[in-house]
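Notes follow the structure.
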Amino acid sequence: MNNGPSYFDLAIIGGGLAGLATAIQFGRDGFRVVLFEKEFYPFHKVCGEYISLESMEFLVDLGLPLNEWQLPVMNTLQLSAPNGNMLQEKLPLGGFGVSRYRIDTALMRIAKDNGVEVHDGTKVQEVDFSDNVFSITTDKGMTEAKVCCGAFGKRSNLDIKWKRSFIEQKHTALNNFIGVKYHVTHDHPLNMISLHNFKDGYCGIAAIEDNKINICYLTTAQNLRDHGNNLQKMEQNVLFKNPHLEKIFGSAEFLNEKPLTISQISFDKKEQVNAHVLLLGDAAGLITPLCGNGMSMALQSSRIAVKYIRQYFADIIDRNVMELLYAKEWKTSFASRLKAGRIIQGIFGKPWLTNTMISFIKPFPSITRYIIRQTHGRV
């Protein structure tokens, strides 16, 4: 970057699904777009790596050759209680598996091919808004932009500097989780996504590309502290109480020396606009991974934001209306999903309640399908 600030139509902070999808749409329309990502591509992320089919057409439209990738498509849900009681049901819509390593890297290349300036390995330190222009300070220089989007994931230094409400709240049942991810080889059915519950947590298992299986679980930070911050000890004493998880972990071949982890995950409510920055993906609101739809929600939030940013660039609406309409449609699209996710999380976090719930709904597949529909969108 030059010593003086560069000026762009759009600046995006965060190079995950929501940020990259937004960058591609404006880049191919000829706008000047810059995207900042603190990590260096390619990189892995803690993620369930399952995308609802509601977003498949959108990803293809962005330029991803999904058919050529021959990704596993999942049409069946397997759900188990901590005591091992299990139900299995067809997914009303279904989804496909792909690693964040692969899809994020591919979208980054498409963004670059469409003229987007991608600055990976770059940390955004400050975002100021004055005289209708954003001044964005990074560890490598200064950038100015007409519109700024924050797609920086579950928690960032900007969240802390802005003193966002979910950062300021005391630890509760919704805001102090850790996530752990492994890639393994295993004979897990390719058409099935499995969700196995355990005390204060649950583990998702789904196939991704190259005959690999993604194992990603979420649990409370307290569970880890109770075991001396030793993941292996916690897995043995907590996760393996579920016989299915004990069998899977015992028979899988782990492809990485260490798991990927993330801490301080919060499912509390978040605002969709902060300091005039439009927030996308997990930065705007995080759905519980038990619902398996976070990647699709990130992509759909991009579609909503792009619609109103385009109207702003065309002088059809002003900035305040853009912000209001984006927040309103975001809530219309996702608020009920997030609420359903919090309710489901409250049920499946308690062993006795989960055991009872699965025993109750097992004979009634229509109830299971109804619950799934509450957390998934439509094509």
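Residue count for region 36-65 under the criterion of being aliphatic (A, V, I, L, M) and at pLDDT below 95: the result is 4. If only residues of region 204-227 that are over 15 Å from PRO259 (Cα atoms) and aliphatic (A, V, I, L, M) are counted, the one that is surrounded by the fewest Cβ atoms within 10 Å (Cβ to Cβ) is ALA221. With the structure loaded, tell me whether SER135 is over 25 Å from GLU49 (Cβ atoms) and touching a strand residue (DSSP E or B) at 6+ places or on another chain (Cβ under 9 Å) or whether it fails that test. Criteria met by SER135. Exactly one residue out of ILE213, ILE208 is farther than 20 Å from ILE178 by Cβ and in contact with an Asp or Glu (Cβ under 8 Å, 6 or more places away or on another chain): that is ILE208. Restricting attention to region 217-260, which residues are at pLDDT below 95 and either among the β-branched types (Val, Ile, Thr) or in contact with an Asp or Glu (Cβ under 9 Å, 6 or more places away or on another chain) (or both)? Hits for region 217-260 are TYR217, THR219, THR220, GLN222, ASN223. Just one of the numbered conditions (1) within 19 Å of the chain's Cα centre (by Cα); (2) over 30 Å from ALA327 (Cβ atoms); (3) surrounded by fewer than 22 Cβ atoms within 10 Å (Cβ to Cβ) is not true of GLY250: (1). The conditions of being among the hydrophobic types (A, V, I, L, M, F, W, C) and farther than 16 Å from ALA206 by Cβ are not met by LEU91.
Going residue by residue through region 151-170, is there one that turns out to be touching a residue at least 40 places away in the same chain (Cβ under 8 Å), more than 24 Å from TYR101 (Cβ to Cβ), hydroxyl-bearing (Ser, Thr, Tyr) and part of a loop (DSSP other than H, G, I, E, B)? No, because not a single residue in region 151-170 is touching a residue at least 40 places away in the same chain (Cβ under 8 Å), more than 24 Å from TYR101 (Cβ to Cβ), hydroxyl-bearing (Ser, Thr, Tyr) and part of a loop (DSSP other than H, G, I, E, B). MET142 - would you say it is on the phi < 0 side of the Ramachandran plot and not in a strand (DSSP E or B)? For MET142, the condition - on the phi < 0 side of the Ramachandran plot and not in a strand (DSSP E or B) - is not met.
Every listed requirement among (1) part of a loop (DSSP other than H, G, I, E, B); (2) of a type outside the set (Gly, Ala, Ser); (3) crowded, with 24+ Cβ neighbours inside 10 Å is met by LYS270 save one, (3). Taking VAL184, is it within 28 Å of LEU279 (Cα to Cα) and touching a strand residue (DSSP E or B) at 6+ places or on another chain (Cβ under 7 Å)? Against the criterion (within 28 Å of LEU279 (Cα to Cα) and touching a strand residue (DSSP E or B) at 6+ places or on another chain (Cβ under 7 Å)), VAL184 does not qualify. Residues in region 302-318: is at least one under 27 Å from ILE193 (Cα atoms), at pLDDT 85 or above and not in a helix (DSSP H, G or I)? For region 302-318, residues under 27 Å from ILE193 (Cα atoms), at pLDDT 85 or above and not in a helix (DSSP H, G or I): absent. Residues that are in a strand (DSSP E or B) and among the β-branched types (Val, Ile, Thr) were ranked within region 116-139; the one that is nearest to ASN320 (Cα to Cα) is VAL133. Summed over region 92-117, residues that are under 29 Å from PRO243 (Cα atoms) and either more than 20 Å from the chain's Cα centre (by Cα) or of a type in the set (Phe, Trp, Tyr) (or both) total 2. For LYS233, state whether it is part of a loop (DSSP other than H, G, I, E, B), of a type in the set (Lys, Arg), free of Cβ contacts under 8 Å to residues at least 12 places away in the same chain and exposed (fewer than 15 other Cβ atoms within 10 Å of the Cβ). So LYS233 fails the test. Being at pLDDT 95 or above and either surrounded by fewer than 22 Cβ atoms within 10 Å (Cβ to Cβ) or small (Gly, Ala, Ser) (or both) is not true of ALA81.
The values are calculated or read from the model by the stated rules, or taken from the named source; none is laboratory data. As the structure is a computational prediction, the values presented were derived from the model and not from experiment. As a convention, Cβ positions derive from the backbone with ideal geometry for all residues, glycine included, and neighbour counts pool all protein chains shown.
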